[in-house]
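Everything on this sheet refers to the single structure shown next.
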Amino acid sequence: MKSSLPSQKLSADYPLSLVGRLTWFYINLLSNIISLPQFINSPCYLFNFSLPSLQSFLFNSLDSAKSPSRFLCEEYLFREFVTLFRNSSKSNIQVYDFGCGGSSILEIIDKAYTYVFNTDDNTKVTYIGYDPYLPSLNFNKSPGWLVINRSSDFSPDYMKNESIDIDLSVSFSVLEHVYDDIKQLNLIATFSSCQLHFVPSWCCLFVYLWHGYRIYNPFILRRLFLNLSEGLELKVYSIGSLSASFTYIVFTLIPQVLFFILKKVLHIHIYKDVVRLRFKYLYRYFLSKSVLNAINSRFFPSFLLLKIA
């Protein structure tokens, strides 16, 4: 049971008492503070790899009401799938979705496939989704080139013992919900040649609050780096900026806090995303300004992309 933050035994995915909430916040805040020296003397795997700013949207559109971080992460994941499909010479590309939930990345895979391949191409994609609490499938299309396998049994432990060579393993805001994240990453490496994990950065401690076990700051990333199996290489990419976090705070966080107070005090229930939907044109303007041509910030990223190969 190797965790990148072993002192944190509390998960905010479950109801916490006031003491539990304060303990959760203290442990994560302390790890953020311990991280500060590494911003000055960054190790080789941290911050030396920058993702290009988005000059145009290839996957997402501004009709989206998604948060800026979700918007950006999906856009970069789409581009990673495009690169995979273009560079692979295999007739069957295998993708492993760790903590797949409703398998929302199938939409990204579908868009990337149709972006790269013609209708007469024979390349197949096998999608393997794992989630211990497997919900219903969130994908209505059934293209002939795609094989979908989803099960609560397809854990990294299970996959390690199967004769399956995975080309790319992906997780989207999952690792922070897994206590033994280091162990799971090392297990995935036994059957997958490349891993992409989108995780909340240290800024998310103050933006999202009480989310999973941890946020990923340089202190935690160093522990992860030092405990990866021999031969594995970690690269950390920043995603988002202060402007993206500001957009989230104005249109999502502040309304959610106000709606929570109204619910507790006046018993009025208001949908959490109503502000983004009610003022959708204004939100799209802020969204485009915060993600298009914005440089991904080293100090104020919304999310991080961990690439392990």
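The values are calculated or read from the model by the stated rules, or taken from the named source; none is laboratory data. Computed from a prediction, not measured in an experiment: that's the story for all the values here. Cβ: placed from backbone, ideal geometry, glycine included. Neighbour counts: every protein chain shown. Each accessible area value is taken on the protein alone, full model and side chains, heavy atoms only, with ligands, DNA and RNA left out. Shrake-Rupley method; radii C 1.70, N 1.55, O 1.52, S 1.80 Å.
Taking the inverse of the mean 1/r over every pair of distinct Cα atoms in segment 1-118 gives a Kirkwood hydrodynamic radius of 18.3 Å.
Membrane-span-like helices of the chain, defined as complete DSSP H segments with a Cα extent of 24 Å or more along the helix axis and a mean Kyte hydropathy of at least 0.0, are identified as 18-40.
When all alpha-carbon pairs of segment 166-309 are counted, what percent fall beyond 24 Å? Could you put the intermediate results ahead of the total?
Working: 4403 of 10296 pairs.
Everything past 24 Å amounts to 43 percent.
DSSP assigns beta bridges within the chain; of those with both partners inside it, close to 35 percent run antiparallel.
Restricting everything to alpha-carbon atoms, can you work out Rg to Rh for the chain with a Kirkwood hydrodynamic radius? Numbers along the way, then the final one.
Values: Rg = 19.6 Å, Rh = 20.5 Å.
Reported Rg/Rh (Cα atoms, Kirkwood Rh): 0.96.
Packing, as the average of other Cβ atoms within 10 Å across residues, places the peptides 219-230, 67-78 in the order 67-78, 219-230, highest first.
Of Lys66/Lys111; Lys90/Lys235; Lys66/Lys289; Lys9/Lys160; Lys9/Lys264, which pairs sit farther than 23 Å apart, going by alpha carbon to alpha carbon? Table pairs above 23 Å Cα-Cα are Lys90/Lys235; Lys9/Lys160; Lys9/Lys264. Cα centroids of segment 114-186 and segment 46-101: 15 Å apart. Here is the size of segment 49-147 from its Cα atoms: Rg then Dmax, 14.1, 38 Å.
Roll a 1.4 Å probe over the protein chains and send me the accessible area per residue for the chain in Å².
Details: 15070 Å² over 309 residues.
Normalised by residue count, the accessible surface of the chain is 49 Å².
The slack in the chain from Glu107 to Leu18, taken as 0.36 nm per residue of separation less the alpha-carbon distance, amounts to 28.1 nm.
Taking the chain as a Gaussian network of alpha-carbon nodes connected by springs under 10 Å, the highest mean-square fluctuation of the residues Leu258, Leu209, Leu266 belongs to Leu266.
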